[in-house]
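A short reminder: the numbers here are calculations on the coordinates, not readings from a lab. As the structure is a prediction and not an experimental result, all values here were calculated from the model. Cβ atoms come from the backbone with ideal geometry, glycine included; neighbour counts cover every protein chain shown.
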Amino acid sequence: MIKVENLSKHYGSVKAVKSISFELNDGQVVGFLGANGAGKSTTLKIMTGYISPSSGNVFYGEKNIQDNTSEIQKDIGYLPELNPLYSEMIVHDYLKFISEVRGISENDFKNAFQKVVEECSLNAVAHRTIANCSKGYKQRIGLAAALIHNPKILILDEPVTGLDPNQIVEIRELIKKLGKEKIVLMSSHILQEIQATVDRIIIINEGSIVADGSSEELLNDSAKGKADLKLEVSNADENDIRDMKATIPSIDIKNISKEDSFTRINIEFPSNGDPREDIFKYAVDKNWVILEMVTSKQNLEDIFRKLTGNNKLS
Amino acid sequence: MKNTLSIFKRELKSFFDSPMAYVFLIVFALLNGWFFTTTFFLYGQSDLRTLFNIVPLVYLFFIPGITMGLISREKGLGTIEIISTLPIEDRDIVIGKYLSAVALITIALFSTSLHFITLATFGNSIDYGAVFTGYLGLILVGSVYASIGMFSSAVTDNQVISFIIGIAIIFVFWLFDKVLIFMPDFIAGIIQYLSVEYHLSNISRGVIDTRNIIYFGSIIGFFLFLTTRLVESRRWS
């Protein structure tokens with residue numbers, strides 16, 4: 001288990017991370033979501049022992065990363081945000097170098113190399129100089145280096161950057177597979193990626209955690225269990241519209257607007273229910289003509305915008 | 001130790017994977033060869049003193065060239081984040097890189113063995129002891145300059161600035177011996193002790209004095225310590 005406790009990091013007067021706390025358990029894929037500059041990478045750098053926090057602690061089991069850096073680093077596979085690589089090296093040699101420092105023996109390296117080359121689809125470039133590999137391959141080389149020692153903990157900072165859609169699906173499946181037996185913490189500012197890959201989402205904004213839970217929990221919490229329905233009908237009397245609440249008690253009529261040829265009704269209802277059938281029967285009973293009936297639930301993007309106060313994702 | 005060796009091997013291979021090592025070795029051999037042979041036959045003496053005087057001067061520009069990228073390049077490219085998150089101490093990273101620079105300098109010195117072979121073939125009454133200690137002195141001076149170069153490489157992530165800082169510090173150490181006559185007596189002794197040339201000349205005479213070895217070891221240790229502290233300072237920035 002990893003326990004992040006009141007972690008803060010200040011760069012001069014800039015507070016990059018403000019006293020955040022969370023826990024990660026085995027067999028969990030956790031997404032760290034936030035706009036650029038929200039403090040994701042800083043948190044991950046502290047968790048890997050690359051930089052020290054201004055205050056707070058990161059515990060791996062009972063051990064603090066500050067006091068047991070090298071020992072804990074043996075169990076971590078880390079893919080940094082910009083995926084820096086020794087571009088003059090051959091892919092095989094680079095992975096060999098990483099393995100040597102990771103304490104993998106010559107014999108074990110052959111198997112480990114074969115495994116990560118297959119997992120990360122590096123067969124075509126295994127003996128090519130890194131500088132001559134495409135961006136997608138470079139990203140996968142970085143991922144292979146993070147995986148080669150079969151770590152218990154994987155920390156991936158923007159792991160799918162630079163990958164094409166097919167590669168993204170492959171890496172997503174790989175991360176999900178790895179998440180069954182490891183702790184995987186991946187950061188991203190791509191909502192769809194996080195939503196498709198992780199079990200739990202931590203949203204960070206301006207250095208503070210603003211949400212923590214599964215995507216379903218976040219959606220329910222944010223919408224407070226409510227969903228919206230837009231109904232457009234013609235031939236409707238306004239009194240009948242207002243009386244609808246008496247027939248269908250679960251709904252709330254939020255707004256009625258008269259257009260030239262139809263009436264638009266905005267309705268709110270509990271997200272665990274579905275009032276459409278009742279509304280349809282009511283409309284038939286009152287001789288309304290239904291032109292449109294659409295339900296809409298909040299998506300993760302709406303929540304992200306609401307929590308981070310941004311209208312646009314960066 | 002194992003990790004230091006891994007870093008050492010990677011760095012040394014990296015030197016030879018790029019044209020840098022070859023350019024360095026060829027130009028180093030040509031420059032020293034030219035300076036040595038132009039005076040060797042005029043003096044008509046069976047020693048390598050001219051070579052031992054010239055090499056430290058050539059070091060002045062060449063060693064910062066070798067060391068300038070060792071840490072600053074890692075910082076600039078961001079690869080420092082890769083090696084710093086591997087289970088390896090910052091000290092081992094610094095020592096591994098440092099030893100790779102010393103190894104390249106030693107390989108370069110081998111290129112001057114051609115002059116020794118010439119001397120051994122045509123010369124008489126050669127003081128082999130002085131030749132051996134002369135080479136030992138050059139390796140030690142190269143090691144001191146490499147530690148200074150490592151320090152200057154850790155100061156910045158800009159290789160050019162690192163190169164200039166390296167030359168400046170090495171130049172100061174090289175200059176100490178030259179400015180002694182301008183120094184008041186009370187400080188001249190300290191300046192002389194700090195001078196690389198002073199200790200090199202002692203060793204080049206064929207005498208291996210522990211005081212000289214302690215001097216070289218202290219300077220190397222001092223700059224490598226500072227380098228390690230600078231590498232560690234990223235944690236607190």
Inset, instruction - Ignore the peptide's own chain and count Cβ atoms of other chains within 10 Å of each Cβ in B:83-96; give me the average, rounded. - result: 5
Inset, instruction - Collect residues whose amide H, placed 1.01 Å from N in the peptide plane, falls under 5 Å from the amide H of A:Gly77; neighbours closer than 5 in sequence don't count. - result: A:Ile153, A:Leu154, A:Ile155
Legend entry - Under the Karplus curve 6.51 cos²θ - 1.76 cosθ + 1.60, θ = phi - 60°, whole-Hz ³J(HN,Hα) for segment B:118-130, x wherever Gly or Pro sits: 4, 4, 5, 6, 9, x, 10, 6, 7, 8, 5, x, 5
Legend entry - Distance between segment A:104-173 and segment A:28-54 - C-alpha centres, whole angstrom: 21 Å
Inset, instruction - Would you list, by chain and number, the aspartates and glutamates whose Cα falls below 20 Å from the Cα of A:Lys115, excluding same-chain residues fewer than 8 positions away? - result: A:Asp75, A:Asp93, A:Glu100, A:Glu106, A:Glu170, A:Glu173, A:Glu181
Legend entry - Burial order of peptide ranges B:32-38, B:206-212, B:149-155, B:65-71 (average beta-carbon count within 10 Å, highest first): B:149-155, B:65-71, B:32-38, B:206-212
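At a 10 Å Cβ-Cβ cut-off, how would you order A:Lys152, B:Lys13, fewest neighbours first?
A:Lys152, B:Lys13
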Inset, instruction - Filter the GluC sites (Glu not before Pro) in segment A:59-123 to those in DSSP coil with at most 16 other Cβ atoms within 10 Å of their Cβ, and list the result. - result: A:Glu62, A:Glu88
Inset, instruction - Take every DSSP beta bridge whose two residues both sit in the protein assembly as shown, then give the antiparallel share in percent to the nearest 5. - result: 70 percent
Legend entry - Selection from A:Asn239, A:Asn68, A:Pro159 lying farthest towards where the dipole of the protein assembly as shown points positive, charges on Cβ: A:Asn68
Legend entry - Nearest-ten-degree value, helix B:49-77 long axis tilted from longest Cα axis of chain B: 10 degrees
Inset, instruction - Taking the Cα centre of chain A as origin, sum charge times position over the Cβ atoms of Lys and Arg (+1) and Asp and Glu (-1), and report the length of that vector in debye to the nearest 20. - result: 800 debye
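How large is the helix-only mean residue ellipticity at 222 nm for chain B, computed as the sum of -39500 (n - 2.57) over DSSP H runs with n ≥ 4, divided by its residue count, in deg cm²/dmol to the nearest 500? List each step's numbers first, then the result.
On the way: 11 runs with 192 residues, N = 237.
Dividing the helical sum by the residues of chain B leaves -27500 deg cm²/dmol.
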Inset, instruction - Compute the separation of the alpha-carbon centres of segment B:15-79 and segment A:265-307 and state it in Å as a whole number. - result: 79 Å
Inset, instruction - Sequence neighbours fewer than 8 away in the same chain don't count; with that in mind, list the lysines whose C-alpha is under 21 Å from B:Lys75. - result: A:Lys9, A:Lys40, A:Lys45, A:Lys135, A:Lys138, B:Lys9, B:Lys13, B:Lys97
Inset, instruction - Compute the convex hull volume of the Cα atoms of the protein assembly as shown, divide it by the residue count, and report the result per residue in Å³ as a whole number. - result: 211 Å³
Legend entry - In sequence order, calculated HN-Hα J values of segment A:116-126 (Karplus, 6.51, -1.76, 1.60; Hz; x Gly/Pro): 6, 5, 6, 4, 9, 6, 10, 3, 5, 10, 4
Inset, instruction - Can you tell me the 0 to 90 degree angle between the C-alpha axis of helix B:2-17 and the longest principal axis of chain B, rounded to 10? - result: 70 degrees
Inset, instruction - Quick one: what are the phi-derived ³J(HN,Hα) couplings along segment A:271-284, Karplus 6.51/-1.76/1.60 with θ = phi - 60°, whole Hz, x for glycine and proline? - result: 5, 8, x, 9, x, 4, 5, 5, 5, 4, 5, 5, 5, 5
Legend entry - Calculated FRET value between A:Asn107 and A:Lys15, using beta carbons and R₀ = 51 Å, to 0.05: 0.55
Legend entry - GluC sites (Glu not before Pro) restricted to DSSP loop in segment A:226-292 with at most 10 other C-beta within 10 Å: A:Glu259
Inset, instruction - Quick one: which residues, 5 or more positions from A:Phe32 or on another chain, have an amide H under 5 Å from its amide H? H modelled 1.01 Å from N in the peptide plane, none for Pro or chain starts. - result: A:Met186, A:Ser187, A:Ser188, A:Ile202
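Computed over the Cα atoms, what is the radius of gyration of segment A:225-297 divided by 2.2 N^0.38 Å, N being its residue count? Present the calculation step by step, with values, prior to reporting the outcome.
Values: Rg = 11.2 Å, N = 73, 2.2 N^0.38 = 11.2 Å.
Compactness ratio reported: 0.99.
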Legend entry - Out-of-range pairs (alpha-carbon distance over 26 Å; input A:Lys74/B:Lys2; A:Lys258/A:Lys306; A:Lys18/A:Lys177): A:Lys258/A:Lys306; A:Lys18/A:Lys177
Inset, instruction - Quick one: check the C-alpha center-to-center distance for segment B:114-143 versus segment B:170-206, whole angstrom. - result: 23 Å
Inset, instruction - Quick one: dipole size for the protein assembly as shown, taken about the Cα centre, charges +1 on Lys/Arg Cβ and -1 on Asp/Glu Cβ, in debye to the nearest 20. - result: 1220 debye
Legend entry - Nearest-ten-degree value, helix B:90-110 long axis tilted from longest Cα axis of chain B: 30 degrees
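Of the trypsin sites (Lys or Arg not before Pro) in segment A:224-277, which ones lie in a loop per DSSP and count no more than 13 other C-beta atoms within 10 Å? Please list the in-between numbers first.
Details: sites: A:Lys224, A:Lys226, A:Lys230, A:Arg242, A:Lys245, A:Lys254, A:Lys258, A:Arg264, A:Arg276; in loops: A:Lys224.
Sparse-neighbourhood loop trypsin sites (Lys or Arg not before Pro): A:Lys224.
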